[in-house]
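The structure appears right after this line, and notes come after that.
The values are calculated or read from the model by the stated rules, or taken from the named source; none is laboratory data. Just so it is clear, the structure is predicted and the values come from calculations on it, not from any experiment. Quick reminder, even Gly has a Cβ in these numbers, built from the backbone with ideal geometry, and neighbours come from all protein chains shown.
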Amino acid sequence: MLDMIWSGVYLTCYGICDSIPSPSLFLNEIKQIAMSDSPDNDADLQIVADSFRVVSDSSAWDKLVLSWDNKVALAGYGQNLLNNEQTLQAHYSVVSNLLRKVGLPTAQDPIDSTVAAVKEPAMVVSSTHRVVAVNAAGRETFGVAQGQSATLGWLSPGDRDAFRDCISAPRQVPNHHYRIFQTLGADSEPGFAEVYPIEVPGIDGQFSAVRELAMCWAPRMDNILSEAFALTRAEVDIARLLFLHADVDRIASTRSVGAGTVRLQLSQIFVKTETRSQVELIRLLVLLSSRLSDKVKNEPLSWSDPFEREKILKRTDGRRLAYSWLGDPAGKPALFLPGIANGYLYPDDFEATLKSRGVKLYVMTRPGSGNSDADPALTALQDHVGSVLHLCRTLNLQNVTAVGIHAGVIPLTAIAALPDNPFSAIVAIGRFLPPDDKYFLRIAKTPRTLLWLTFNAPWATEIIGQLAWRNILQHGADWYVERAYRDMPFDYATTKQGEISSLLRNACAYTFLQGHQIFFNDMSLRGNDVRDYLPKLKIPFHWLLGAVDVYGTSPNRAAHFDESDIQALLALNPQTTLNKIADAGELMPYQRPALVANRIADAVLRYAE
């Protein structure tokens, strides 16, 4: 067992950093575990092996969580100290140093890597024109941000209908697998963009890559044309001049020959390259040059407000506090605090309903996510409460309805319990009760393990979180979504819908823009009990809960909320009400967007001044 552990550690470290820690250091620490009388030293050894393995093999993350779950099961689900905690902490200090040396991984997600691997403008769109991903150059050229609906002003008018048909046509339709369209450059010079399908395993619906083809003659083009198409030196020169100027007379003048000679040479090039016109030949040359251009390193995780309304406040200590808004710009104000990885970009019906009902929903970006900075000196609850109150004072929000999702409900309820608070009502969406022994036995292994470690061994979740964030960067938002919802049958099916997948990508980028810490801040927030605050509330508290049980109807698992949980909470305050939403679960705003927006609007308009 010891040899296996050391071999795994050595192979992990070898070749990915300049030096590896001393073998004796690792072996001494491992021997401390092996020789201890702890009942779970085998579990500890497995944790050590898996922790180092994940550094070089991201697919091992699930196995690491399973190893920790085995140890947590031995410790029980109360407030327990872990056996061999100090030795494991020492190992995790080494892993942390190793992660700093290794650096961040390269994206492998088929969508993210499509836009990150090129310098030229690139985006991925859904069949309904929703922008799933876009790089920095694409944001400028195409005039869109991730999550927005793409307009076609960058495309030649004559190609727009064909483009719409291309991205919406079933994949089995002939001649729709790859197309090149003409674009409108800022300098009125025509350009070209390639459009081709992107396959995302497990997601229903289709996505298309749109990448501008660089008008730059790559250094290897001459050799490629000679080798691939048997073009002569003169024909290569003709092809290069056509690529640069697209004008026969100018080519003839440059080469000091007649235009007829150039046309004859072009006809020979058409035959060799199996093209039929100057336009087709230019498209082929642009495509080849683009493919041969140097690739670029991936951009770091990026996000911008899809509604382009974001404002960023600077607090007295220099920290940023960001907010945006949805609905009617002149409507009745309300405050919205999103949940972890829920964001605020929902199906179009959500904002359309708010707008039609005359509601302006201010969205506060939670500390540590998006463009809002966290204060590490404060608890998660203190940081959230202080941020909400600061925003309300700045925007002069008084007697407004406050809306929260999941853990976002907790700080709003804590504020509402204060004698002087800015709220007239609370709309609480989803799950926000704290974990207890009974709760831990009801939820899936991954969230159960991460929650328990957050409360009992935060040093472990720090490393596990870093390793998870590396996976998100490498494999895309779908990696996180898969682990967050795969044990929730109803919600998992929702994540597999193409349009919802596009929106969840936006939510994940928004949540994890600054890194992994926000996930564990959210878990820490869940350790606070809204039941401590509810009896003090003097305002209505409306709970919207999905009627579909989170974990389905498995005979081996109890319901996530049983009726006694619900009734006990409702009994705490006579102004607390419950509305179970049919055909909705954890992802309620994505599943029933118009209904949720209407429930919010009902409260806003009912309790407005």
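Here's the yes/no breakdown for (1) part of a helix (DSSP H, G or I); (2) within 28 Å of ALA444 (Cβ to Cβ); (3) modelled with pLDDT under 80; (4) within 29 Å of the chain's Cα centre (by Cα):
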{"residue": "MET4", "(1), (2), (3), (4)": "yes, no, yes, no"}
{"residue": "LEU25", "(1), (2), (3), (4)": "yes, no, yes, no"}
{"residue": "VAL55", "(1), (2), (3), (4)": "yes, yes, yes, yes"}
{"residue": "LEU64", "(1), (2), (3), (4)": "yes, yes, no, yes"}
{"residue": "SER67", "(1), (2), (3), (4)": "yes, yes, no, yes"}
{"residue": "VAL72", "(1), (2), (3), (4)": "yes, yes, no, yes"}
{"residue": "LEU81", "(1), (2), (3), (4)": "no, yes, yes, no"}
{"residue": "LEU99", "(1), (2), (3), (4)": "yes, yes, yes, yes"}
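Residue check, HIS475 against (1) within 18 Å of GLY205 (Cα to Cα); (2) of a type outside the set (Asp, Glu); (3) touching a residue at least 40 places away in the same chain (Cβ under 8 Å), all met but one. Which one?
Result: HIS475 fails condition (1) only.
Considering only region 219-255, state which residues are closer than 24 Å to ARG179 by Cβ and either outside the structural domain of LEU287 (by TED's automatic domain parsing) or outside any loop (DSSP other than H, G, I, E, B) (or both). Before the answer, list the steps.
The first filter runs over region 219-255 and keeps only residues closer than 24 Å to ARG179 by Cβ, leaving 221, 224-225, 228-229, 239, 242-244, 246.
Correct list: MET221, ILE224, LEU225, ALA228, PHE229, ALA239, LEU242, PHE243, LEU244.
Counting residues that are within 30 Å of SER564 (Cα to Cα), which helices (runs of 4 or more DSSP H) fully inside region 391-495 reach at least 1? If you could, list the steps in order and put the result at the bottom.
Numbers: elements: 409-416, 437-442, 445-456, 458-475, 477-485, 489-495.
The helices (runs of 4 or more DSSP H) meeting that bar are 409-416, 437-442, 445-456, 477-485, 489-495.
Give the residues of region 249-262 that are surrounded by fewer than 14 Cβ atoms within 10 Å (Cβ to Cβ) and under 23 Å from GLY191 (Cα atoms), sorted by residue number.
ASP249, the sole residue that qualifies.
Being under 22 Å from the mean Cα position of the chain (by Cα) and either more than 21 Å from ARG505 (Cβ to Cβ) or aliphatic (A, V, I, L, M) (or both) is the filter here; which residues of region 455-465 pass it?
Step one: filter region 455-465 for residues under 22 Å from the mean Cα position of the chain (by Cα), giving 461-465.
Residues satisfying the conditions are THR461, GLU462, ILE463, ILE464.
Against the conditions (1) at pLDDT 90 or above; (2) of a type in the set (S, T, N, Q); (3) closer than 18 Å to THR183 by Cβ, where does SER126 fall short? Just the number, please.
(3)
Which numbered condition trips up ASP491, out of (1) surrounded by 21 or more Cβ atoms within 10 Å (Cβ to Cβ); (2) of a type in the set (Asp, Glu); (3) farther than 30 Å from ALA150 by Cα?
(3)
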